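For reference, the structure discussed in these notes is given below.
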Amino acid sequence: WLGGSGGGWQDSGGLWPGIKLIEGAPARPGDPEHGISRGCLLPRHTLLGVERVPAAARRALQDSLVLVHGGMAQNVGPILEMATEKYLLRSAEEWVARSQAIATLDQILGLLATGDIRGLGRALTENFFGPLQTIIPWVSNRYTELVIERTRAAFGEDFWGFWMLGGMSGGGMGFIFAPSRRAEAQERLLAIMLATKRELESALPFAMDPVVYDFALNEEGSVAARLEGAAALLPPAFYQQAVPGWLRRQARDLSPRERTDLQQFTRAARQGGEFAALLPSLLDRLLPGTTGTEGEAGQLDRLLDRNGFDRDQHEQIRTDLRAGRIGLARNRLPPSTRIEDVSPGDLFVATTAAAWRAEGAAALRRGEAAVVTYAAGVGSRWTQGAGVAKALHPFAKFAGRHRSFAEVHLAKSRRTAAEHGVTIPHVFTTSHLTHAALAAHLAALGPVPGTEALLSPGRSIGLRLVPMERDLHFAWQETAQQRLDEQKEKLRGSVRAALVQWARAAGEGADYTDNLPAQCLHPVGHWFELPNLLKNGTLARLLADRPALRTLLVHNIDTLGATLDPALLGWFRQSGATLGWEVIPRRLEDHGGGLARVDGRLRLVEGLALPREEDEFALTYYSTNTCWVDIDRLLDLFGLTRAEAADPVRTAAAVRALAARVPTYVTLKEVKRRWGHGQEDVFPVAQFEKLWGDMTAVAECASVFAAVSRARGQQLKDQAQLDGWARDGSARYVDQLCAW
């Protein structure tokens, strides 16, 4: 790991002793890889013994290095893929950086041999901020760089350097200090990491609190000791996990090894000590704990009420689900539906919008436009399951430091405001999962000149339901499934039969409440984000403060190129439509429907609504979910006036009435039911969503469509997209839209 290149599998568990140089080995005759690959799968390990790194140098390293785990959990796969891609393509800038990194490795080995640990720290730090980030900018992050910055501020000249130990920083890391301050650094560094983690844990994926290790060189490698007789015991934690499972089985079903282990544990427990102390906790583990308390039920009710749960709408959806009017099979349009691609004359091409620029610029100067950014989601796909607010993720560097999605969008509004001499309202829609974190983030940013940042708290939430048996069978039999081997298929079949029995016993279509409150709730789709502006009073306050306001630009948090472009604003204003939609030419990776003629009507169609999966590949344009909204025409569609937008009773009824006319999609989600003591089950539950794009199917809602550039409409759904986004000029395009 001296070069900071990661690849821990190459020496898993410290099999080789001491310090070693791990290098790729070319495949030679006799190697299994010869003739198949240029290199061997396993690398070559050169042990750097005392003849290469003297004992004094080894002690100096131990006396200066503080080894930590920063607590972050990230998928390094895309990073390794990018590194391989850059190597294969021989990208010029990255190839020069690779040569510099190789030279740095030679320098590191020389410094280590002489015991120059201060020079070693300097070389490692330069390698991290130089060649490594030139090859892959995403090896670094806001957390790591803040920790380095704060550590340098705390220790000054006695902080000798940063040592990245993995494919991405934030996990395994090293910090090198003057030996006289190493003990102090162990305590101070832990405090710095903990404070920084608390500051960023709503924005970045952390798996645990940071840890500082008691580091020393392992000069033996992996070793084992043979234990015999009464001493042949495994650690107590092993028995804590294994014994309850053994006790639930018949003695005749235990293997000889399990029988022996149980006997050894029983003998040790009779003698007292740490094994006897395990007995109470083992009894607890024999039966699942009960967590469905009245307190949790009350908490669930409070969460539902606080977040605008519509019980009338919920009851109607439950009735429709049980009656079969909605469900997994009903998500799709009828097979007879005619799906056709659009023709060039069906939509406006944004490159021809210059004629409308003056009209749009004048509207901006009059204060007639505002921005609404969807920021209610936790971006589970972006962080692969971590519960962070995607809007707050500091995903890329702009103007010298990592910026969050929210900061980028505010910087765009700041520039637009400066160019047109106006203050632009910028609304972020939130949910109970993101509201507090986003409010704290905006408060920390402080006022952004030219913008008024507002939050629109979620006022629509769903309660999950026990699934219908027919939906379970549809999911298992009508959608693509991997075929397993015979024994695994039998096991999967028995699990599915048990889940069907559970659904019948719990009551098909019943409220799913037998879990933690957060596991019972679900988001109801982005159709509700704009109606929430009505239900929570945000739109009424905007209109009261800014009577000239006429148009909203609404977009996803990850559509970074969307901005109040005067030409597009002018085009939409002259169209006379209620909604104006932006689409981009489809690429292979764009999934989720698109723009089509559905039985002759031009509209956006969702991927899960298409009658046949292959219909999607015939569509030229993909929806960016960026939408221009005429406020007065939208209010008219809801049956409201500007004055009535402040009436909570009328707005709630209007939202419910229009929502009933929009398709309801049913999906199955797997949720964990943790019983405690390491026991858990996974159940499929039903939930619904309504999507804003389906407004194009409402007859009275006039919609127009514009084809925009990919740089403007591209969405960042996965961090693996970042490298391509930076290389194709999209990052530079976004930067040019911003004022930092």
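Descriptive notes on the structure:
- Between Arg357 and Ala25, the modelled labels are 6.3 nm apart [label points 7 Å from Cα along Cα→Cβ].
- Where labels lie 7 Å past Cα in the beta-carbon direction, separation of Arg381 and Arg601 in nm: 2.6
- Heavy-atom surface of the chain, accessible at 1.4 Å and reported per residue (Å²): 47
- For Arg366, net neighbour charge (Lys/Arg +1, Asp/Glu -1) across residues whose Cβ lies under 14 Å away: +2
- Think of each Lys and Arg Cβ as +1 and each Asp and Glu Cβ as -1; about the Cα centre, that makes the dipole of the range 492-615 roughly 300 debye.
- If only the Cβ of Lys and Arg carry +1 and only the Cβ of Asp and Glu carry -1, the dipole of the range 471-540 around its Cα centre is close to 100 debye.
- Where N is the number of residues in the range 606-740, Cα Rg divided by 2.2 N^0.38 Å: 1.46
- Normalised contact order of the range 608-740, rounded percent, pairs of Cα under 8 Å and 6 or more residues apart: 17
- Across the chain, the convex hull enclosing all Cα atoms gives 219 Å³ per residue.
- The residue list Ala444, His426, Gly462 was ranked by how far each Cα lies along the charge dipole of the range 408-482 toward its positive end, using unit charges on Cβ atoms, and Ala444 comes out on top.
- Net charge of neighbours whose Cβ lies under 14 Å from the Cβ of Phe275, counting Lys and Arg as +1 and Asp and Glu as -1: 0
- With Cα atoms as the point set, the radius of gyration and Dmax of the range 464-517 evaluate to 12.9, 38 Å.
- The orientation-averaged shadow of the Cα convex hull for the range 600-648, equal to a quarter of the hull surface, comes to 5.6 nm².
- Rounded tilt (10° steps) of 117-127 against the dominant C-alpha axis of the chain: 30
- Tilt relative to the chain, helix 92-114 - C-alpha long axis, 0 to 90 degrees, to 10: 30
- Note on Lys412: accessible area is roughly 10 Å² with a 1.4 Å probe, heavy atoms of protein only.
- Rounded if a/c under 1.5, otherwise prolate or oblate - the range 175-243, Cα gyration tensor axes: oblate
- Per the Kirkwood formula applied to alpha carbons, the range 460-577 shows a radius of gyration over Rh ratio, Rg over Rh, of 1.20.
- Our summary of shape: the Cα atoms of the range 419-528 have principal axis extents of 68, 30, 24 Å, ordered from largest down, in whole angstrom.
- For the range 364-439 versus the range 163-205, the spacing of their alpha-carbon centroids is 28 Å.
- Between 0 and 90°, nearest 10: helix 182-200 axis offset from the chain longest Cα axis: 20
- Size of charge dipole - the range 153-218 - debye, nearest 20, with Cβ of Lys, Arg +1 and Asp, Glu -1, no other charges: 60
- Sum of side-chain charges, Leu262 neighbourhood, beta-carbon under 14 Å (Lys, Arg +1; Asp, Glu -1): +4
- Heavy-atom accessible surface of the chain: percent carbon and sulfur, 1.4 Å: 53
- Computed accessible area, Glu126, all protein chains, 1.4 angstrom probe, square angstrom: 110
- Secondary-structure-derived ellipticity at 222 nm for the chain, considering helices only, amounts to -12000 deg cm²/dmol, per-run term -39500 (n - 2.57) for DSSP H runs with n ≥ 4.
- Sorting Arg118, Arg182, Arg59, Arg401 on solvent-accessible area from highest to lowest, probe radius 1.4 Å, gives Arg59, Arg118, Arg401, Arg182.
- For the range 396-446: rounded, prolate or oblate by the Cα gyration tensor [a/c cutoff 1.5]: oblate
- Potential lengthening between Phe215 and Glu258 on full extension [0.36 nm per residue; Cα-Cα distance subtracted]: 11.9 nm
- For the range 339-471, a/c is not less than 1.5, where a ≥ b ≥ c are the root eigenvalues of the C-alpha gyration tensor, and a/b does not top b/c. That puts it in the oblate class.
- Peptides ranked, highest mean first, by Cβ atoms within 10 Å: ranges 95-105, 482-492, 47-57: 95-105, 47-57, 482-492
- Extension gain, Leu227 back to Arg44 (0.36 nm per residue minus Cα-Cα distance, nm): 62.6 nm
- Calculated FRET efficiency for the pair Glu157/Arg198, C-beta based, R₀ 30 Å, to 0.05: 0.60
- Of Lys669/Lys690; Lys390/Lys717; Lys197/Lys397; Lys20/Lys86; Lys86/Lys390; Lys197/Lys390, pairs whose Cα-Cα distance is over 21 Å: Lys20/Lys86; Lys86/Lys390
- Values of log10 I(q)/I(0), in the order q = 0.13, 0.15, 0.16 Å⁻¹, for the range 578-681 under a Debye, Cα-only, solvent-free model: -0.73, -0.84, -0.89
- Scaled against 2.2 N^0.38 Å for its residue count N, the alpha carbon radius of gyration of the range 195-301 is 1.61.
- Cα pair count fraction exceeding 11 Å, expressed as % - the range 214-257: 79
- Take every Cα pair under 8 Å whose residues are at least 6 apart in sequence, average their separation, divide by the length of the chain, and the relative contact order is 14 percent.
The values are calculated or read from the model by the stated rules, or taken from the named source; none is laboratory data. Predicted, not measured: the structure shown is a model, and the values here were computed from it. Backbone-built Cβ (ideal geometry, glycine too); neighbour counts: all protein chains shown. The protein model used for the area step is the full one, side chains on, heavy atoms only, and it has no ligands, DNA or RNA in it. Shrake-Rupley method; radii C 1.70, N 1.55, O 1.52, S 1.80 Å.
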